[in-house]
Amino acid sequence: MFVLNSQSDETLQEYPCDYMFKAFGPSAPEHRFAEKVHSAVNQVLPVALDAIKQRPSSKGGYVCVSVLTYLHNEQQRQDIYRELQNLDGLKYLL
(Lines give C-alpha, C1' and ligand atoms only; values in the text may rest on other atoms or scores of the structure.)
Protein backbone atom coordinates (compact mmCIF):
# COMPACT_ATOMS: atom_id res chain seq x y z
CA MET A 1 0.00 0.00 0.00
CA PHE A 2 1.03 3.60 -0.35
CA VAL A 3 0.59 6.57 1.91
CA LEU A 4 -0.72 9.86 0.62
CA ASN A 5 0.93 13.03 1.76
CA SER A 6 -1.78 15.01 3.54
CA GLN A 7 -0.45 18.23 1.98
CA SER A 8 -0.84 17.03 -1.63
CA ASP A 9 -1.92 14.16 -3.87
CA GLU A 10 1.64 12.88 -4.22
CA THR A 11 2.63 9.52 -2.77
CA LEU A 12 5.52 9.12 -0.38
CA GLN A 13 6.73 6.17 -2.46
CA GLU A 14 10.21 6.72 -3.91
CA TYR A 15 11.07 5.53 -7.41
CA PRO A 16 12.57 3.44 -8.83
CA CYS A 17 11.71 0.66 -6.40
CA ASP A 18 10.61 -2.94 -5.95
CA TYR A 19 6.85 -3.11 -5.47
CA MET A 20 4.62 -6.09 -4.64
CA PHE A 21 1.10 -6.35 -6.01
CA LYS A 22 -1.27 -8.92 -4.47
CA ALA A 23 -4.50 -10.02 -6.11
CA PHE A 24 -6.97 -12.50 -4.62
CA GLY A 25 -9.28 -14.51 -6.85
CA PRO A 26 -10.73 -17.97 -7.55
CA SER A 27 -8.36 -20.91 -7.33
CA ALA A 28 -10.26 -23.27 -9.66
CA PRO A 29 -8.04 -24.15 -12.66
CA GLU A 30 -10.68 -23.12 -15.20
CA HIS A 31 -10.46 -19.51 -13.96
CA ARG A 32 -6.72 -19.30 -14.77
CA PHE A 33 -6.52 -16.41 -12.31
CA ALA A 34 -2.71 -16.35 -11.99
CA GLU A 35 -2.39 -16.22 -15.78
CA LYS A 36 -4.83 -13.31 -15.89
CA VAL A 37 -2.85 -11.44 -13.23
CA HIS A 38 0.39 -12.01 -15.14
CA SER A 39 -1.21 -10.79 -18.36
CA ALA A 40 -2.65 -7.68 -16.68
CA VAL A 41 0.70 -6.64 -15.21
CA ASN A 42 2.41 -7.32 -18.55
CA GLN A 43 0.09 -4.79 -20.19
CA VAL A 44 2.09 -2.13 -18.36
CA LEU A 45 5.44 -3.66 -17.48
CA PRO A 46 7.11 -6.92 -18.60
CA VAL A 47 7.31 -9.35 -15.69
CA ALA A 48 8.99 -12.76 -15.71
CA LEU A 49 6.99 -15.80 -14.61
CA ASP A 50 9.39 -16.36 -11.69
CA ALA A 51 8.29 -12.98 -10.24
CA ILE A 52 4.84 -14.47 -9.61
CA LYS A 53 4.00 -16.52 -6.53
CA GLN A 54 0.71 -18.24 -5.67
CA ARG A 55 -0.67 -19.20 -2.28
CA PRO A 56 -4.04 -20.91 -1.78
CA SER A 57 -6.46 -19.82 0.93
CA SER A 58 -6.91 -22.07 3.96
CA LYS A 59 -10.07 -23.64 2.51
CA GLY A 60 -8.68 -23.73 -1.03
CA GLY A 61 -11.41 -21.71 -2.72
CA TYR A 62 -9.21 -18.71 -3.45
CA VAL A 63 -5.64 -17.99 -4.38
CA CYS A 64 -3.40 -15.03 -3.58
CA VAL A 65 -1.22 -14.13 -6.55
CA SER A 66 1.77 -11.94 -5.64
CA VAL A 67 3.75 -10.17 -8.35
CA LEU A 68 7.08 -8.52 -7.59
CA THR A 69 7.80 -5.65 -9.98
CA TYR A 70 10.45 -3.01 -10.39
CA LEU A 71 8.64 0.29 -10.91
CA HIS A 72 10.23 3.38 -12.37
CA ASN A 73 7.45 5.85 -11.60
CA GLU A 74 4.04 6.39 -10.00
CA GLN A 75 2.23 6.18 -13.34
CA GLN A 76 3.31 2.54 -13.76
CA ARG A 77 1.95 1.69 -10.30
CA GLN A 78 -1.39 3.34 -11.02
CA ASP A 79 -1.65 1.73 -14.47
CA ILE A 80 -1.00 -1.76 -13.07
CA TYR A 81 -3.62 -1.30 -10.35
CA ARG A 82 -6.07 -0.13 -13.02
CA GLU A 83 -5.41 -3.26 -15.11
CA LEU A 84 -5.74 -5.55 -12.09
CA GLN A 85 -9.03 -3.97 -11.00
CA ASN A 86 -10.59 -5.10 -14.28
CA LEU A 87 -9.84 -8.82 -13.78
CA ASP A 88 -12.72 -11.28 -13.86
CA GLY A 89 -13.05 -12.99 -10.49
CA LEU A 90 -10.99 -10.45 -8.56
CA LYS A 91 -12.05 -10.51 -4.90
CA TYR A 92 -9.42 -8.33 -3.24
CA LEU A 93 -6.43 -6.26 -4.31
CA LEU A 94 -3.48 -5.03 -2.24
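Here are some notes:
- Placing a label point 7 Å from the Cα of His31 along the Cα-to-Cβ direction, the residues of segment 70-94 with a backbone N closer than 13 Å are 87-93.
- Net charge of neighbours whose Cβ lies under 9 Å from the Cβ of Cys64, counting Lys and Arg as +1 and Asp and Glu as -1: +3
- Loop-resident trypsin sites (Lys or Arg not before Pro) (DSSP state other than H, G, I, E or B) in segment 37-94 with no more than 16 further Cβ atoms inside 10 Å of their Cβ: Lys59, Lys91.
- The relative contact order of the chain comes to 39 percent, based on Cα pairs under 8 Å that sit 6 or more residues apart.
- Checking every one of the GluC sites (Glu not before Pro) in segment 10-94 against DSSP loop status and a limit of 11 other Cβ atoms within 10 Å picks out Glu10, Glu14.
- Between 0 and 90 degrees, the angle of helix 33-42 with respect to the longest Cα principal axis of the chain falls at about 30 degrees.
- As an equivalent ellipsoid, segment 3-86 spans semi-axes of 26, 14, 11 angstrom, where each value is the square root of five times an eigenvalue of the C-alpha gyration tensor, largest first.
- Within the accessible area of segment 31-94 (1.4 Å probe), percent carbon and sulfur: 49
- Against the chain, whose longest principal axis comes from its Cα atoms, helix 74-85 is set at around 30 degrees.
The values are calculated or read from the model by the stated rules, or taken from the named source; none is laboratory data. Not measured: the values here are computed from a predicted model. When we count neighbours, we look across all protein chains shown, and the Cβ atoms used for this are built from the backbone with ideal geometry, even at glycine. Surface accessibility is based on the protein's heavy atoms, side chains included, excluding ligands, DNA and RNA. Shrake-Rupley method; radii C 1.70, N 1.55, O 1.52, S 1.80 Å.
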